[in-house]
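Just so you know, all these numbers are worked out from the coordinates, no wet-lab data involved. The structure presented is a predicted model; accordingly, all values stated were derived computationally and were not measured. Please note: Cβ atoms are built from the backbone with ideal geometry, for glycine as well, and neighbour counts cover all protein chains shown.
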Amino acid sequence: MGLSNPRRVPRTVAAAAILVVIGIPVAWGAAALVTGANLSDLQPAAASAFDGASAKVTVVSHRDSTTTVLRVHGVGASAVGKTYGAHLHEGMCVAGDGSRAGGHYNHTKVLGDPITISAQTEVWLDVTIDETGDATAVSHVPFAVVPGQRSVVIHAVATDPDTGLAGPRLACLPVEWTP
Ligand SMILES: [Cu+2]
């Protein structure tokens, strides 16, 4: 056995390293989640550029802030140069049933306040696909996300900044963690 088994690297350290690499400062003591998988198809009856693609999500929550990074990989050529809405949703990622993801995770809704929709009250992760079929998006919001069985959902069009709407749900990734 080698002395440096990569499985022993704490997730917080791994997530912090990713964020430091892309230039985001990470507070010590932050809670981190790193998850990756092939995307689940929410429209199995229709072909989409996200069929066969994979994604990785890193969430680092501190007392009053959350930084989320979404990376997608292996997106089809028809998507190159296009922007797709993506958000953290409050519900689960279930293949073939986009409704199970529920609405957007929204901090004002969690608080029971009048609902405000913006990139500061929700985790928006729109991705623009590069010529290699990859994309990266970063969200930084001034609240901690409450853990649960949640998901990142990728939509058919870019997010409307006023309404948060982004068209039909194409694919999702489970983002599930416990307190
Ligand atoms: Cu969404």
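Points to keep in mind about this one:
- Global form of the range 6-176, assessed from the alpha-carbon gyration tensor, a/c cut-off 1.5: oblate
- Positive minus negative residues near residue 119 (Lys, Arg vs Asp, Glu; Cβ under 13 Å): -4
- In the range 6-176, a dipole from Cβ-located charges (positive for Lys and Arg, negative for Asp and Glu) runs towards its positive end, and of 106, 157, 34 it is 34 whose Cα lies farthest in that direction.
- Calculated log₁₀ intensity ratio I(q)/I(0) where the Debye formula runs over C-alpha points of the range 41-87, q = 0.26 Å⁻¹: -1.05
- Cα centroid separation, the range 61-112 to the range 131-179: 1 Å.
- Between the amide H of residue 86 and those of 125, 126, 127, 155, 159, distances stay under 5 Å, these residues lying 5 or more places away or on another chain, with hydrogens modeled in the peptide plane.
- Remark on residue 97: its backbone amide H falls under 5 Å from none of the residues 5 or more positions apart or on other chains, H modelled at 1.01 Å from N.
- Vicinal HN-Hα couplings computed from phi for the range 83-88 (Karplus, 6.51 cos²θ - 1.76 cosθ + 1.60; Hz; Gly/Pro x): 10, 10, x, 8, 8, 7
- Peptides 151-158, 162-169, 80-87, ordered by how many other C-beta atoms sit within 10 Å of their residues on average, highest first, read 151-158, 80-87, 162-169.
- Spin-label model distance (nm) - residue 138 vs residue 158, 7 Å beyond Cα toward Cβ: 2.0
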